[in-house]
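The values are calculated or read from the model by the stated rules, or taken from the named source; none is laboratory data. Here the structure is a predicted model, which means the values were calculated and not measured. Cβ: placed from backbone, ideal geometry, glycine included. Neighbour counts: every protein chain shown. These accessible areas exclude ligands, DNA and RNA; they are computed on the full protein's heavy atoms, side chains included. Shrake-Rupley method; radii C 1.70, N 1.55, O 1.52, S 1.80 Å.
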Amino acid sequence: MPSLWLINQFANTPDLPGHTRQYEVAAGLVRLGWRVAVFASDFNLTQRCYRRLRFPSLSSSERPAGIRWTWLWVFAYRENNWKRQLNMLSFCIHLAIRLLPAALLGRLTGRAPDLILASSPQLPAAFTCLWIARLSGIPFVLEVRDLWPQVLIDQGGQSPESPMVRLLGWMERQLYSQAHTVVVLAQGTERYVRERGARRTAWLPNGPDLELFAPQSLPPDQPTFTVLYAGAHGDANALENVIEAARRLEHSNSPVRFQFIGDGPEKHALIQLAAGLKTVVFEDPIPKAEIPSRMAKADAILLSLRDVPLFRFGVSPNKLYDAYAIGRPVITTVAGSINAEVETLRLGVTAEPGSPPALADAILRLAKTPRAEREAMAERAIQLAHSTYSRQRINAEYNRLLREVIA
C-alpha cells in the first residue's frame, strides 16, 4: 500500500469553513488504496482562530475518512502584516522539526512515505517540504494553487525588485525545477510554470464532490430573485462592486436579493458599505457540508474577483464548480478564461470586473430570463461538472499520476 504525506497550511476538514480540496483528495486516495497523512495548521484562515488546539498543546491528530490528519500550532494573526509572516514561518519551523526527523528515520526503518505532496499558496512551506524530500531521498510533487509571488505584484502592488518578491521568486523557481511534477489547478498556468522551470505538469482543477453536490432542481419561482455569494470576503473578491450593483438594483425597485456567506478582512467594511440596503444580508461562514443546501435555495450563484492580470488565466474557483454540479446558473465577474467559459457554454451571465452598472444589468437580465432557459443553463453546468470538474475524476487522475511518480 503506497503512502503519502500531504502538506497544506490552510487545509480543512468538512466540518470547518474554508477550502477542503486536500481533504477530498486525501479521502479519495485512501479509497483507492493509499495511506495518507495530512499536515495542516490548526489556525483557521477563514475564522482567524484556533479550532482544535488549546495551549500548551502544539499538535493534535484525528482520523477523518481514514486519513491520519495532524493539526499543527502556528502563531495567530488577523491582518496582513508582520504577524502573518510569523504565522507562515512558524508553520515552516513546525514542519521541519516534526517531518525531517520522521523522514530520515523512516528511510532507515522502512516507514518513510513513498511521496511528499506539498500544496501552495504558502511557498515557504512548500520549499521546506522540498528540502525535507531531498534530504531524505523521497520523491516530491508540488501542487500550485496561487501563483506566488506574481499575485503579490499584480494584486498586492509589490515591486518585482523588492527583497521579499525576489526571495519568493527564487523559491518558486527552485520548486518548479526540482519537483518531479507540478500540478496546476488552473489550466492557463501550465505555460507559466513551464517558463519558470517546471519539467512535467498536470492540470487537476478544483472540482465538486458529486456525492455532496448532487443536482437539485431550481427553487420555485418567487417574487424575489436570490443571488448567493459564498466565499472569502477579501480584497481580491472585489465585493464592494457587488454592493454597489445591489444598491443600483434596489434603487430601481428590482426584485433581487443578495446573500453573503463567509468571512475575511474586508467583511466589516462591506457591512458598513451596505448599511441601509434592505436587499443585502451577511451571514457567518458555515462548514462545507452545509453549502449544498444553501446553494439549493438560491436562484443563482455569484463569483466575483478583482480585475487582476493573473486572474485572467490563473484561477480555479471551487465555488463556481460547486454551483455547476448542483445545477445553478452563475454570475461571474472574472475577465479572461472564467467569463469566457460561462459565455461560450451558456452557463449563466457575465459582467466586466469593477463595473457595478454592468453587473447590475447582468443580474437583472438573468432574473428576467425564462425559467426554461435557466433550467437549460443548469443542465449544461451539471454536464460540465461531471465531464470535466468532478472530484471523483480528479482523484482518479491524481491516483494515476502519483503511482507513476513512485514507480
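Miscellaneous remarks
- Test: residue in the range 153-173 that is part of a helix (DSSP H, G or I), acidic (Asp, Glu) and either touching a Leu at 6+ places or on another chain (Cβ under 6 Å) or crowded, with 18+ Cβ neighbours inside 10 Å (or both): yes
Table: residues versus (1) at pLDDT below 95; (2) farther than 29 Å from Gly234 by Cβ; (3) part of a helix (DSSP H, G or I).
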site	(1), (2), (3)
Arg54	yes, no, no
Trp69	no, no, no
Glu79	yes, no, no
Lys83	yes, no, yes
Met88	yes, no, yes
Leu99	no, yes, yes
Ala118	no, no, no
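- Looking across the range 134-148, the residues that are modelled with pLDDT of 85 or more, within 22 Å of Val308 (Cβ to Cβ) and in a loop (DSSP other than H, G, I, E, B) come down to Arg145, Leu147, Trp148.
- Criterion violated by Trp71 - all others in (1) among the hydrophobic types (A, V, I, L, M, F, W, C); (2) under 19 Å from Pro285 (Cβ atoms); (3) under 17 Å from the mean Cα position of the chain (by Cα) satisfied: (3)
- Search result, residues across the range 51-63 that are over 20 Å from the mean Cα position of the chain (by Cα) and surrounded by 14 or more Cβ atoms within 10 Å (Cβ to Cβ): Arg52, Leu53, Leu58, Ser59, Ser60
- Members of the range 259-281 found to be at pLDDT 95 or above and either touching a Leu at 6+ places or on another chain (Cβ under 8 Å) or under 16 Å from Ser355 (Cα atoms) (or both), listed by number: Gln259, Phe260, Ile261, Leu270, Thr279
- Of all residues in the range 306-337 being among the β-branched types (Val, Ile, Thr) and open to solvent by less than 10 Å² (accessible area, probe 1.4 Å), the one that is nearest to Ile153 (Cα to Cα): Val308
- Residue list for the range 1-32, filter: open to solvent by 10 Å² or more (accessible area, probe 1.4 Å) and part of a helix (DSSP H, G or I): Tyr23, Glu24, Val30, Arg31
- Filtered residue count, the range 375-400, keeping only those that are more than 21 Å from the chain's Cα centre (by Cα) and either surrounded by fewer than 19 Cβ atoms within 10 Å (Cβ to Cβ) or among the small types (Gly, Ala, Ser) (or both): 7
- Whichever residue in the range 178-224 is open to solvent by less than 50 Å² (accessible area, probe 1.4 Å), touching a Ser or Thr at 6+ places or on another chain (Cβ under 8 Å) and outside any loop (DSSP other than H, G, I, E, B) and, among such residues, is farthest from Ala133 (Cα to Cα): Glu190
- If you go through the range 163-177 and keep only what is out of contact with any Lys or Arg (no Cβ under 9 Å at 6 or more places or on another chain) and of a type in the set (Ser, Thr, Tyr), you end up with nothing.
- Residue match in the range 83-103 (condition: of a type in the set (D, E, K, R), surrounded by 15 or more Cβ atoms within 10 Å (Cβ to Cβ) and out of contact with any helix residue (DSSP H, G or I) (no Cβ under 9 Å at 6 or more places or on another chain)): yes
- In the range 233-265, the residues that are open to solvent by 30 Å² or more (accessible area, probe 1.4 Å) and out of contact with any helix residue (DSSP H, G or I) (no Cβ under 9 Å at 6 or more places or on another chain): Asp235, Glu250, His251, Asn253, Asp263
- Meets criteria (at pLDDT 90 or above and crowded, with 20+ Cβ neighbours inside 10 Å) for Phe43: no
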